Amino acid sequence: MKGGYQGRFLRIDLSSGTSDTIAVGQELAEKYIGGKGFGVRFLYDLVGPEVDPLAPPNVLMFMPGPLTGTLAPSMREAIVFKSPLTGLYADSFHGGVLGPEIKYCGYDGIIITGKANSPAYVYLDGDRVEIRDAGFLWGADTNETYEKLYEALGDRTIKIACIGPAGENLVRFALIDCTPHRQAGRCGAGAVMGSKNLKALVVRGGSHLVRVADSTRFLDLVRAAHERIKQMPAFHELGTLRDVPGHSTAAVIPTLNAQRATFDGVDTIAGPLHRDRIWLRHTACMGCVTACSKVGTLRRGPHRGTVVENVEYESLALMGANLGIDNLEGLAYACHLCDLYGLDTMSAGGVIGFAMEAAERGDLAKGDLDGLDMRFGAYKEVHRLLGMIARREGIGDLLADGVKRASEAIGGDCYKYALHTKGLEMPGYDPRGLPGQGLGYMTGDKGGEHVQGYMPDFEYRGYPWQNAEVDRFALKGKAEIVIWLQNYQVGTNTLVKCDFVKRYAEDGGSPTPSEFAEFLTSVTARTCSPEDIEFVGERIWNLVRLYNLREGVTRQDDDLPYRIGAEALQDPPVAGCKLSQRDLDTMLDEYYRLRGWDVNGVPSAAKLAELGLAGEGRSQGIS
Ligand code: SF4
């Protein structure tokens, strides 16, 4: 390997307190590239259906990619594990500086298994690996954990991944917070970390630079990418909030637990208000000139003076519109609390929205609510409830298990307004007016996730597909775009590219697929085309499908929440829109066929052989 790789993984067994290294084989690197690809391969091999996600044999993997730690723009890290929320494959991505530091310590990834006897943190200092007592950190929120570690180690430059109280208390949608407050939010990575009694991973002292095979070509590519990114200031200025309130006008923003898709209060929480009233400066992940992240201070309301990060679009949708919160500082503080407790804002917004509707309908009795006023819009109650969820107190204990389990526990008709797919709470795009996005949720590899089959660009922002306009409401033809997006996004999640960097053609802005292929070629000296990256993405996608089939997933699980099929939206331009079972079947049949899967969503032996996965599906009856 000429560049991009350090040649070894670090493996840590918390049960025995030992660690060793595993070589990165040439074949592994060629077939899976890195990041998500490595994580999928290891999870498939190490964690079978018999493993409870919160039991010691589950693995928690920190997987940067071959471009992480180089100057290639917008690189991040994958965290891969079996999800305690869905019971299926899961990954979650984060930016910041932890991934590069792991590379600089000489590792292409860290694989953590087992469970420490008592609260512990892993300390990596160059080649030194120690498992240390974390008794002094247990119970601390993420901010306090950072500060206590800085003080204990006398060094504010250490890189940290940690959990808050939610992870300690095994909240199924707890997150991992990574320096400097970048969250790996989805699917409960924090709960897996908590189940291992692992409060933090601390990394410093790396001196192994990431080699670049053709530095002249690489630097030319970096310069060209930086120039173009600077010509597109909108994302830098407002980040993911640049399209708010556009999403509401287009009627895609889940509102009041997805009873509507337009939010009357959207103008009071729109992007420019965050910029003018809260944000003070831009921040960026290592090597990213886009710098979409922000830090600011609340200057109004009871929490004046609190330093907060920017609210991302998904958080605004799920914690704002979905809960009817139109108070800007109230919303920003709710998201801040999620960061401190270590809760995924999206799942938290989903499950609280569900509880608000359950209270409104009387499915949750007043006596069940611990004195909380659970009306939509009651943001102060949401602040209190977030703490109860993180500590699993009262009603918070029920909600800490996510929408699916909470609705099953309450019973009755609750399933009709439980918004999740395969147990993962629905993201911030209502699929009734975006059927292709719905198909992305149905077929998402970690449940109903929005990023890998992200269709709003094509379905309502006017992005063409193969030089033709895309009909927003059409069912047919969406599968082809979704499949391409999934393969491409997963392929580049091996590098590991930021999800916000997604330009599909040569029209300015962030790097194109062909440029990412060139980055990989110049770093690793392995000649690579965009089609090669998509092919690796397809291979990984199919391996995850095999993983989830092995866990018991069937065609019936590739669905959308009941409400999406039963209740039509009322607001223009989506008035009357819903997605019936017939609609879902139309899209799913086309999707399976184009994927080379049978009518039950099982990859054919021929498809697996074409992808270099022959024999992998034997335990699922594929031969
Ligand atoms: S675009 Fe934003 S999230 Fe992505 S790498 Fe850059 S700063 Fe990080």
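Values computed for the structure shown
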| quantity | calculated |
| --- | --- |
| Single residue of L67, L60 found to be of a type in the set (A, V, I, L, M), more than 16 Å from the ligand (Cβ to nearest atom), crowded, with 21+ Cβ neighbours inside 10 Å and closer than 29 Å to C285 by Cα | L60 |
| Where V496 falls short, out of the listed (1) touching a Lys or Arg at 6+ places or on another chain (Cβ under 6 Å); (2) at pLDDT 95 or above | (2) |
| Only one of G194, G206, G190 that is away from the ligand (no atom under 16 Å from the Cβ), more than 30 Å from P272 (Cβ to Cβ), at pLDDT below 90 and not basic (K, R) | G206 |
| Contacts under 7 angstrom Cβ, first residue in the range 355-374 being surrounded by 16 or more Cβ atoms within 10 Å (Cβ to Cβ), partner among the small types (G, A, S), 6 or more apart | D363/G412; L364/A355; L364/A358; L369/A359; M374/A355; M374/A359 |
| Only one of R545, R526 that is away from the ligand (no atom under 16 Å from the Cβ), under 30 Å from G287 (Cα atoms), of a type in the set (K, R) and crowded, with 16+ Cβ neighbours inside 10 Å | R526 |
| All positions within the range 309-329 that are within 14 Å of I269 (Cα to Cα) and either free of Cβ contacts under 8 Å to residues at least 40 places away in the same chain or within 13 Å of the ligand (Cβ to nearest atom) (or both) | N310, E312, Y313, E314, S315 |
| Answer from L588, L560, L579 - the residue that is in a loop (DSSP other than H, G, I, E, B), in contact with a Ser or Thr (Cβ under 8 Å, 6 or more places away or on another chain), within 19 Å of G453 (Cβ to Cβ) and among the aliphatic types (A, V, I, L, M) | L560 |
| Residue check for G39: out of contact with any helix residue (DSSP H, G or I) (no Cβ under 8 Å at 6 or more places or on another chain) and surrounded by 24 or more Cβ atoms within 10 Å (Cβ to Cβ) | yes |
| Boolean, Y44 is touching a residue at least 40 places away in the same chain (Cβ under 8 Å), surrounded by fewer than 19 Cβ atoms within 10 Å (Cβ to Cβ) and among the aromatic types (F, W, Y) | yes |
| Condition check for A468: among the small types (G, A, S) and touching a helix residue (DSSP H, G or I) at 6+ places or on another chain (Cβ under 7 Å) | no |
| Selection within the range 234-267 - within 16 Å of the ligand (Cβ to nearest atom) and of a type in the set (F, W, Y) | F235 |
| Any pair with Cβ under 6 angstrom, 6 or more apart, that starts in the range 110-139 at a residue that is of a type in the set (S, T, Y) and ends at one that is surrounded by fewer than 19 Cβ atoms within 10 Å (Cβ to Cβ) | T113/D13; Y121/R132; Y123/E130; Y123/R132 |
| Filtered residues of the range 75-94 (kept if within 16 Å of the ligand (Cβ to nearest atom) and surrounded by fewer than 24 Cβ atoms within 10 Å (Cβ to Cβ)) | S92 |
| Every pair of residues 6+ apart whose Cβ atoms lie under 7 Å, when the first sits in the range 281-308 and is more than 19 Å from R228 (Cα to Cα) and in a loop (DSSP other than H, G, I, E, B) while the second is more than 7 Å from the ligand (Cβ to nearest atom) and β-branched (V, I, T) | L298/I278; L298/T306; L298/V308; G305/T297; T306/T297 |
| Which numbered condition Q466 fails, given (1) in contact with a Cys (Cβ under 8 Å, 6 or more places away or on another chain); (2) closer than 24 Å to T492 by Cα | (1) |
| Selection from the range 539-563 of residues that are over 14 Å from K422 (Cβ atoms) and of a type in the set (V, I, T) | I540 |
| Among (1) away from the ligand (no atom under 16 Å from the Cβ); (2) of a type outside the set (V, I, T); (3) farther than 21 Å from L424 by Cα; (4) surrounded by 23 or more Cβ atoms within 10 Å (Cβ to Cβ), the one test that C338 misses | (3) |
| Filter pass, V574 being out of contact with any Asp or Glu (no Cβ under 7 Å at 6 or more places or on another chain) and crowded, with 20+ Cβ neighbours inside 10 Å | yes |
| Sole exception among (1) over 17 Å from the mean Cα position of the chain (by Cα); (2) more than 16 Å from the ligand (Cβ to nearest atom); (3) surrounded by 17 or more Cβ atoms within 10 Å (Cβ to Cβ); (4) of a type outside the set (V, I, T) for P49, by number | (3) |
| Any hit, the range 366-388, residues being assigned to a helix (DSSP H, G or I) and in contact with a Pro (Cβ under 9 Å, 6 or more places away or on another chain) | yes |
| Residues located in the range 268-298, provided they are among the hydroxyl-bearing types (S, T, Y) and within 15 Å of the ligand (Cβ to nearest atom) | T283, T290, S293 |
| Residue count, the range 231-255 (criterion: part of a loop (DSSP other than H, G, I, E, B) and either surrounded by fewer than 19 Cβ atoms within 10 Å (Cβ to Cβ) or touching a Lys or Arg at 6+ places or on another chain (Cβ under 7 Å) (or both)) | 2 |
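Residue by residue, here is whether (1) modelled with pLDDT under 95; (2) under 16 Å from G190 (Cα atoms); (3) assigned to a strand (DSSP E or B) holds:
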{"position": "Q6", "(1), (2), (3)": "no, no, no"}
{"position": "G37", "(1), (2), (3)": "no, no, no"}
{"position": "V40", "(1), (2), (3)": "no, no, no"}
{"position": "L43", "(1), (2), (3)": "no, no, no"}
{"position": "F62", "(1), (2), (3)": "no, yes, yes"}
{"position": "F81", "(1), (2), (3)": "no, yes, yes"}
{"position": "G87", "(1), (2), (3)": "no, yes, no"}
{"position": "S92", "(1), (2), (3)": "no, yes, yes"}
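The values are calculated or read from the model by the stated rules, or taken from the named source; none is laboratory data. Every value quoted in this text rests on a predicted model; they were computed, and no experiment measured them. Positions of Cβ are generated from backbone atoms using ideal geometry, with glycine treated the same way; all protein chains shown enter the neighbour counts.
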